[in-house]
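The values are calculated or read from the model by the stated rules, or taken from the named source; none is laboratory data. The structure displayed is predicted, hence computed values, not measured ones. Backbone-built Cβ (ideal geometry, glycine too); neighbour counts: all protein chains shown.
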């Protein structure tokens, strides 16, 4: 990926970062880069994720998936980082007709689960259940439900289930017991940084996508990591996002100009929110989509509080698709144009309209949305996030604040007495009813 | 809808609003309510939208749709408020099997448009093209492309197209020329406030949903509008969101605990962003989804900056769907539980975990997600937004900041010389390349 931070400069935007401030910040980027390289070399928790392009073995992943035989429908059961990376990749590349429909069961909404299962022919379906610990409540509950649905449909789930999990735990035990194909989640790789491991790639393999190209794209991005933000697109993005947050851009709207990256914006939201949102710090990610959200959120970003950085992701190659002539006077400007040309013009216009209003924005450019470029984008944003974690001085690889609710949930289900469950009973209420 | 603002009180959360501050604010709510009622009585632009439950005629909408004959696939062509209300309603109610697949072409991404059209059998499809002016570039471009696809498939589009537009303009002229069924968009109703008009209801009618129940639910909510936030759930929500924004909660994360309301959160984002984001004011809407985003965004909302109000939307009735017994020790707490019970426990736990960390949150409760309750929710949030507009002192019904980009787009397409298009050429760049 290439990054253009021109519209984030103080000469354009408020908040904005001056060139001298960027140069001072670059000294910290140099130190952070050393820290990151040490972490990678020593395979420390989290930093190890930045080694995945060299360490993930596509053959191993493909070998596990071939045990499933022909798959027309893939049901991935996972939540958070166990689903979003895989969904991002298959959604981004789905324009290649792979003959495989993908579903991600990442919620425990009973009506939705039931409707989804009822709509599928399970005969040609396979399950990929993903949880490092093998104990994630939502994932295991959904897996048990899906397994039962296979049984009810007369399909032997043990021939149609692949397990993606850590070395031990209930799912690993289940795989051993039933001889299920299994891939392991590498040590030191938090869920939201696992897109370039088996966690993100099993679904892509089953869809027949080019895993090597994804990893090569990521490796090419890894090769750009350097001690200066002026030499490394990923660090340029991470450093500018951090600098703008410090200057008041507490919101970061991720706005790809292609439907294929809509899920990527969700993946990014988890990466950015869960990694950096701690100790009272962090920048709030917002998902947007060009051109659609020009008709929704743009008014706020251009004229609301000066608290938002808009991050565009823009493929350079966009197919044309001519717009048929209409002979309508009011649409004269569309004569001879194409959908692609219109998209392009609207992107340029939106970017310029924010700059003209002094609103900071950054452009991330890809050649096109393909396996290689996608690998680069995912790796680049992970590296940007790790760098930002260093600059904020937070541990980007933990998520301690979600533990309270997990204990409270177990308490609510009656598994254990807990202060957390008791707190639920003491809720302050002020109800206004219809 | 019922609203519980207990966890937004200063006794629970920081930022929070004290009871005395709420009582002072309630005087302003009283004046705002009078202004709103005057606007409704005089059918002023925008305020008129709050009269829709009494003025929308379901028979008229249904009559127009019957001219299309049998429809198995409905393609709605519109963008922003011309698509989101209709998509919200059909997505929320899709658990009723209606036999109609709905697609919303709300982007000009050429690859996506092509793939979508190629995947459909157009023989049994119908088009609803929605644009008040009849000149919205994205909508007209897509309509011309879809019309051509129908012709290429040998389907007479003139027998399969319904037009939703204003009294004049190219679409109205087209409808007259070809004798197309048409419904008109009522005067004084901005796109993002049009869900309860034909704009939002044509798709629901074609799907066979109960338009009367939607409008009755909205009317019941309208009946609660009163001069005090303590008597009106919608005003309680709008006032508390405003008060919290003033106190630092500049972000509002809308987090329904049901997949059926995922699109509703997008609709809400447009409503809130485009109505209130002006003059440097406004609160940034973020879309979230329970329980999924507990594994994504929750870390940030509980431990990041104290700048976020989390708004839960929670149906009281959730189906059970038993989780089959697994005999796994680590999952003992799930034995005998159901997906619905798990969802419920996780909701309570998440709400309490935010309160325990002193993070403001509001609970909006529906009986269930059905036509009546949905009508109430949409009306309630519109009324909340109008009230918030009064409290901010902004015009909630315009979107002036998006005009710049529209002129720039036309300039880019060569339709006219413009200063905006010239500004695009002068972009400041600072590129970091791979």
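Below, the figures for the structure above:
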{"quantity": "Which numbered condition residue A:401 misses (of (1) part of a helix (DSSP H, G or I); (2) in contact with a strand residue (DSSP E or B) (Cβ under 6 Å, 6 or more places away or on another chain); (3) facing another protein chain (nearest Cβ under 9 Å))", "calculated": "(2)"}
{"quantity": "Any hit, the stretch B:69-79, residues being in a loop (DSSP other than H, G, I, E, B), within 10 Å of another protein chain (Cβ to nearest Cβ), touching a residue at least 40 places away in the same chain (Cβ under 8 Å) and in contact with a helix residue (DSSP H, G or I) (Cβ under 7 Å, 6 or more places away or on another chain)", "calculated": "yes"}
{"quantity": "Residue count, the stretch B:118-143 (criterion: more than 25 Å from the chain's Cα centre (by Cα) and within 12 Å of another protein chain (Cβ to nearest Cβ))", "calculated": "2"}
{"quantity": "Some residue of the stretch B:84-96 being touching a residue at least 40 places away in the same chain (Cβ under 8 Å), within 10 Å of another protein chain (Cβ to nearest Cβ) and surrounded by 24 or more Cβ atoms within 10 Å (Cβ to Cβ)", "calculated": "yes"}
{"quantity": "Candidates A:265, A:241 - the one that is more than 11 Å from the chain's Cα centre (by Cα) and under 25 Å from residue A:402 (Cα atoms)", "calculated": "A:241"}
{"quantity": "Top-ranked residue in the stretch A:273-289 [being within 8 Å of chain B (Cβ to nearest Cβ) and within 15 Å of residue A:190 (Cβ to Cβ); ranked as farthest from the chain's Cα centre (by Cα)]", "calculated": "A:278"}
{"quantity": "Count of residues meeting criterion [farther than 20 Å from residue A:183 by Cα and in contact with a strand residue (DSSP E or B) (Cβ under 8 Å, 6 or more places away or on another chain)] in the stretch A:23-62", "calculated": "1"}
{"quantity": "Yes/no for residue A:373 being closer than 23 Å to residue A:295 by Cβ, part of a helix (DSSP H, G or I) and either in contact with a strand residue (DSSP E or B) (Cβ under 7 Å, 6 or more places away or on another chain) or more than 10 Å from chain B (Cβ to nearest Cβ) (or both)", "calculated": "no"}
{"quantity": "Which listed residue, of B:201, B:244, B:196, B:261, is outside the structural domain of residue B:366 (by TED's automatic domain parsing), assigned to a helix (DSSP H, G or I) and in contact (Cβ under 8 Å) with a residue 24 or more places away in the chain", "calculated": "B:201"}
{"quantity": "Breaking point among (1) without any contact (Cβ under 8 Å) to a residue 24 or more places away in the chain; (2) under 30 Å from residue A:355 (Cα atoms); (3) within 22 Å of the chain's Cα centre (by Cα), for residue A:4", "calculated": "(1)"}
{"quantity": "Tabulated pairs, the stretch B:315-338, first within 7 Å of chain A (Cβ to nearest Cβ), second surrounded by 14 or more Cβ atoms within 10 Å (Cβ to Cβ) and modelled with pLDDT under 85, C-beta under 6 angstrom, 6+ apart or interchain", "calculated": "B:333/A:415"}
{"quantity": "Output for the stretch A:187-207, where each listed residue is at pLDDT 95 or above and either within 25 Å of residue A:121 (Cβ to Cβ) or more than 16 Å from the chain's Cα centre (by Cα) (or both)", "calculated": "A:188, A:202, A:203, A:204, A:205, A:206, A:207"}
{"quantity": "Residue ID - surrounded by the fewest Cβ atoms within 10 Å (Cβ to Cβ), chosen from residues in the stretch A:250-261 that are within 9 Å of another protein chain (Cβ to nearest Cβ) and over 16 Å from residue A:391 (Cβ atoms)", "calculated": "A:260"}
{"quantity": "Test result for residue A:65, touching a strand residue (DSSP E or B) at 6+ places or on another chain (Cβ under 9 Å), closer than 15 Å to residue A:213 by Cα, outside any loop (DSSP other than H, G, I, E, B) and not assigned by TED's automatic domain parsing to the domain that holds residue A:260", "calculated": "no"}
{"quantity": "Exclusive hit being more than 23 Å from residue A:149 (Cα to Cα), in contact with a strand residue (DSSP E or B) (Cβ under 7 Å, 6 or more places away or on another chain) and at pLDDT 95 or above, set B:281, B:298, B:289, B:276", "calculated": "B:289"}
{"quantity": "Out of B:316, B:306, B:247, sole residue that is at pLDDT 95 or above, over 19 Å from residue A:305 (Cα atoms) and over 20 Å from the mean Cα position of the chain (by Cα)", "calculated": "B:316"}
{"quantity": "Odd one out for residue B:167 among (1) surrounded by fewer than 17 Cβ atoms within 10 Å (Cβ to Cβ); (2) away from every other protein chain (no Cβ under 14 Å); (3) not in a loop (DSSP other than H, G, I, E, B)", "calculated": "(3)"}
{"quantity": "Failed condition for residue A:386, given (1) within 7 Å of chain B (Cβ to nearest Cβ); (2) crowded, with 24+ Cβ neighbours inside 10 Å; (3) in contact (Cβ under 8 Å) with a residue 12 or more places away in the chain", "calculated": "(1)"}
{"quantity": "Among residues of the stretch A:7-30, those that are touching a residue at least 12 places away in the same chain (Cβ under 8 Å) and in a helix (DSSP H, G or I), counted", "calculated": "9"}
{"quantity": "Flag if residue B:410 is surrounded by fewer than 23 Cβ atoms within 10 Å (Cβ to Cβ) and in contact with a strand residue (DSSP E or B) (Cβ under 6 Å, 6 or more places away or on another chain)", "calculated": "no"}
{"quantity": "Residue match in the stretch A:242-249 (condition: more than 8 Å from chain B (Cβ to nearest Cβ), closer than 16 Å to residue A:379 by Cα and touching a strand residue (DSSP E or B) at 6+ places or on another chain (Cβ under 6 Å))", "calculated": "no"}
{"quantity": "Members of the stretch B:351-383 found to be farther than 29 Å from residue A:425 by Cβ and surrounded by 24 or more Cβ atoms within 10 Å (Cβ to Cβ), listed by number", "calculated": "B:374, B:375, B:378, B:379, B:381, B:382, B:383"}
{"quantity": "Unique match (being within 7 Å of another protein chain (Cβ to nearest Cβ) and within 30 Å of residue B:220 (Cα to Cα)) among A:350, A:428, A:409", "calculated": "A:428"}
{"quantity": "Flag for residue B:361 being facing chain A (nearest Cβ under 8 Å) and closer than 22 Å to residue B:244 by Cβ", "calculated": "no"}
